[in-house]
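Presented below is the structure to which this report refers.
Values in this text are rule-based calculations from the coordinates and carry no lab data. Here the structure is a predicted model, which is why all the values come from computation and not from measurement. Virtual Cβ from ideal backbone geometry, glycine too; neighbours counted across all protein chains shown.
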Amino acid sequence: MMATATTAVHLARITLNPRSRDVHNDLRDHTALHRRVSALFPDQAGASPRTAHNVLYRLEREHAGATLLIQSTGIAINRNALPAHYNTTDVDYRELTPLLNWATAGRTIRYRIDAHPLKTEFVPGRRGRRVPLAGEAAITWWERKAADAGLTVQLVLDTPQPPVLATRGERKRARLNATRFDGIATITDPQALRQAITTGIGQGRAFGLGLLSIAPHREQ
C-alpha cells in the first residue's frame with residue numbers, strides 16, 4: 001500500500017520587486033531575509049516559525065530579477081504581511097502533498113537544492129574544524145546526503161552561488177559558501193525523501209539553504 005503524506009506541505013513563490021527598498025535591504029543580509037520570512041507566519045507559531053512549521057526558503061536570482069520560494073508545513077505564509085510593493089505579481093501558492101504522495105520508490109525526479117557542503121577536520125587535542133567543500137568534494141558530499149534522503153543520483157550539476165552573508169550579534173558576520181545542485185535522481189526510500197523535503201538538508205537552513213525541491217522527470 002502506498003503511504004501518503006499526512007501533513008500539508010505548502011510552497012509560496014514570490015517574485016521580488018527590484019525597485020523595492022525593503023527587497024534591497026533583505027537581499028543585502030540573510031539575517032534580514034530570515035526575519036522577513038519569519039514575519040509571514042502568525043504569532044501563534046511562536047518565536048521560531050522555522051521550527052514549528054519546518055519553514056525553509058530559497059532565493060533564486062535570475063537576470064530579470066529574483067524569486068523567493070518559501071516552504072512550510074501545516075500553514076502557508078500570510079501574503080498580507082508582505083510590505084507594500086515588495087512583489088511584482090500575486091504570490092503563487094502551491095500544495096505539495098499530491099507531489100509527495102506521487103513520489104514512490106522507483107520514480108525518477110528532477111531536483112534542486114542550495115546547500116552548504118562541509119567536512120569536519122579533527123586535530124588531536126582540539127575541537128573539530130568545519131571546512132567548506134567545492135568541486136568534486138562537494139558533489140561527493142551531495143551524493144551522500146542524497147542517499148540519506150532516499151535518492152540515487154543519476155545526474156548532478158554543481159553551480160557555485162553567491163556566499164550567504166548573515167549578521168550574528170552586533171559585529172560578528174557569518175559567511176556560508178553555497179552550492180546549487182541540480183540534476184536527476186531515482187527514489188529509493190519515499191519516507192526518507194519526504195522527511196528530507198519537509199525538514200531540509202545540511203547546515204544554514206535559517207539562511208535560505210537546505211530546501212530540496214523535486215518534480216517529475218519526463219524524458220525529452
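Among H63, H10, H85, the ranking by other beta carbons within 10 Å of each residue's beta carbon, starting with the fewest, stands as H63, H85, H10. Across all Cα pairs in segment 108-161, the calculated P(r) in 5 Å bins from zero up to the longest distance comes to 4, 17, 26, 20, 14, 9, 5, 3, 1, 0 percent per bin. Working from the Cα coordinates of segment 99-216, the gyration tensor eigenvalues give, after taking √(5λ), semi-axes of 28, 16, 13 Å in decreasing order. With θ taken as phi - 60° and the Karplus curve 6.51 cos²θ - 1.76 cosθ + 1.60 applied, the whole-hertz 3J(HN,Hα) list for segment 196-201 is 5, 5, 7, 10, x, 10 Hz, x standing for glycine and proline. Using only Cα positions of segment 9-96, each an equal point scatterer, no hydration layer, compute I(q)/I(0) via Debye at q = 0.11, 0.21 Å⁻¹ and quote the log10 values to two decimals. After summing over all Cα pairs, the log10 values are -0.27, -1.02.
Nearest 20 debye, what's the magnitude of the dipole of segment 9-96 about its Cα centre given +1 on Lys and Arg Cβ and -1 on Asp and Glu Cβ? Could the numbers behind the result be given before it?
On the way: 11 positive and 9 negative charges, 34 e Å.
Roughly 160 debye, rounded to the nearest 20.
A simple rule links phi to the HN-Hα coupling: the Karplus curve 6.51 cos²θ - 1.76 cosθ + 1.60 with θ = phi - 60°, which for segment 87-92 gives 10, 9, 9, 4, 5, 8 Hz, with x for Gly and Pro.
Can you tell me the relative contact order of segment 99-216? Whole percent, Cα pairs under 8 Å, sequence separation 6 or more.
Details: 233 pairs, mean separation 46.5, N = 118.
With pairs under 8 Å counted, the relative contact order is 39 percent.
Remark: segment 7-22, residue by residue, has Karplus-estimated 3J(HN,Hα) of 9, 5, 10, 10, 10, 10, 10, 10, 7, 6, 7, x, 9, 7, 5, 4 Hz, where x stands for each Gly or Pro and the curve is 6.51 cos²θ - 1.76 cosθ + 1.60 at θ = phi - 60°.
Net charge around V9, counting only other residues with Cβ within less than 13 Å of its Cβ (Lys, Arg = +1; Asp, Glu = -1)?
Details: positive: R94, R194; negative: E95.
Around V9, the charge tally is +1.
When each of F122, F181 is scored by the number of other beta-carbon atoms lying within 10 Å, the sequence from fewest to most is F122, F181.
State whether segment 75-165 is rounded, prolate or oblate according to the following rule on the C-alpha gyration tensor (a ≥ b ≥ c being the square roots of its eigenvalues): a/c under 1.5 gives rounded; otherwise a/b larger than b/c gives prolate, and the remaining case gives oblate. Cα axes put segment 75-165 in the oblate bin.
Normalised radius of gyration for the chain, please: alpha carbon Rg relative to 2.2 N^0.38 Å, two decimal places.
Numbers: Rg = 17.8 Å, N = 220, 2.2 N^0.38 = 17.1 Å.
Relative to the 2.2 N^0.38 Å estimate, the chain comes out at 1.04.
Neighbours of L82 by Cβ distance under 9 Å: Lys/Arg scored +1, Asp/Glu scored -1, total +1.
Using the Cβ-Cβ distance between R144 and R13 with R0 set to 41 Å, the FRET efficiency from 1/(1 + (r/R0)^6) comes to roughly 0.90.
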